[in-house]
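Below is one structure, written out as structure tokens; comments come after it.
Any read-out appearing in this document is the output of simple, stated calculations on the displayed coordinates, not a laboratory observation. Here the structure is a predicted model, which is why all the values come from computation and not from measurement. Note: ideal-geometry Cβ built from the backbone for every residue, glycine included; neighbour counts use all protein chains shown.
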Amino acid sequence: MAVTPKILAFAGSTRTESFNKKLVQIAIAGARAAGAEVTYLDLRDLPLPLFDQDLEAHEGLPPNGRRLKDLMLSHDGLLMSCPEYNSSVTGVWKNAIDWASRPVPGEPPLACFTGKVAAIMSASPGALGGLRGLVHVRSILGNINVLVIPDQIAIPKAHEAFGPDGRLKDAKQQAAVEAIGAKLTRTLAKLHA
Ligand SMILES: Cc1cc2nc3c(=O)[nH]c(=O)nc-3n(C[C@H](O)[C@H](O)[C@H](O)COP(=O)(O)O)c2cc1C
């Protein structure tokens, strides 16, 4: 591989025992095994105020918004596991995307997103695994110039799905999640070859 793809990975949940944090770690392992350099971000470590256009007008981008944007700008791909809240995306995830989408002077529109490639997944205690939220995640990302690969997975009954080692108990599911990380890596490698 001529260029090592750089991937930023995070979950759309700040919860300590988040199933989506566990899930994205599995995809990260798949991406690393395929040759990617992956940075894991816990959104809890970058707390952001709720987006408020008056706040932005008076104070500009918050320091953690700048940090988030810099992380995104320095990576080629995004690997995200997004919980479903009320059939859609979580506020934490959307708030992060909204702040990152704001241009600062001298920056082209959607600088953090244009040209990025993403892979998405979800986990939920429910029967659909967060699948309905992923429809919205895919749509939002597509509309801000992110190429989202078709492969995705939603893990239902997440409270029963993970073993104490953080792996999925179902070997096929485990392999499928690792494969999504690997697919993102291979796609990025081809695009940047
Ligand atoms: C406000 C709220 C709304 C929720 N709505 C849904 C939902 O629409 N579908 C679903 O499958 N789970 C829903 N859940 C349950 C979440 O899937 C569950 O809390 C899950 O653990 C969140 O992901 P995490 O473990 O990564 O934090 C909801 C949870 C909350 C707090």
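Do you know the relative contact order of the stretch 40-180, to the nearest whole percent, from alpha carbon pairs under 8 angstrom that are 6+ apart? All intermediate terms of the calculation are to be shown ahead of the outcome.
Working: 204 pairs, mean separation 29.7, N = 141.
Once divided by the residue count of the stretch 40-180, the mean separation gives 21 percent.
Within the chain, antiparallel bridges make up roughly 10 percent of the DSSP beta bridges whose residues both belong there. Report, to the nearest 10°, how far helix 131-143 tilts away from the longest principal axis of the Cα atoms in the chain, using its own Cα long axis and a range of 0 to 90°. That works out to roughly 40 degrees.
Dipole magnitude of the chain about its Cα centre, charges +1 at Lys/Arg Cβ and -1 at Asp/Glu Cβ only, in debye to the nearest 20? Don't jump to the answer; show the numbers that get you there.
Working: 21 positive and 18 negative charges, 120 e Å.
So the magnitude is around 580 debye.
Rounded to the nearest 500, what is the chain's calculated 222 nm mean residue ellipticity when only DSSP H runs of at least 4 contribute -39500 (n - 2.57) each, over all residues? Before the final figure, lay out the partial values.
Details: 7 runs with 81 residues, N = 193.
Helices in the chain give a 222 nm mean residue ellipticity of -13000 deg cm²/dmol.
Highest GNM mean-square fluctuation among VAL24, VAL135, VAL117, for the chain modelled with Cα contacts below 10 Å: VAL135.
Using alpha carbons only, how many degrees (0 to 90, rounded to 10) separate the axis of helix 63-73 from the longest principal axis of the chain? So the inclination is approximately 60 degrees.
Cross-link pairs exceeding 25 Å between alpha carbons, from the set LYS116/LYS169; LYS69/LYS157; LYS22/LYS183; LYS22/LYS157; LYS116/LYS190: LYS116/LYS169; LYS69/LYS157.
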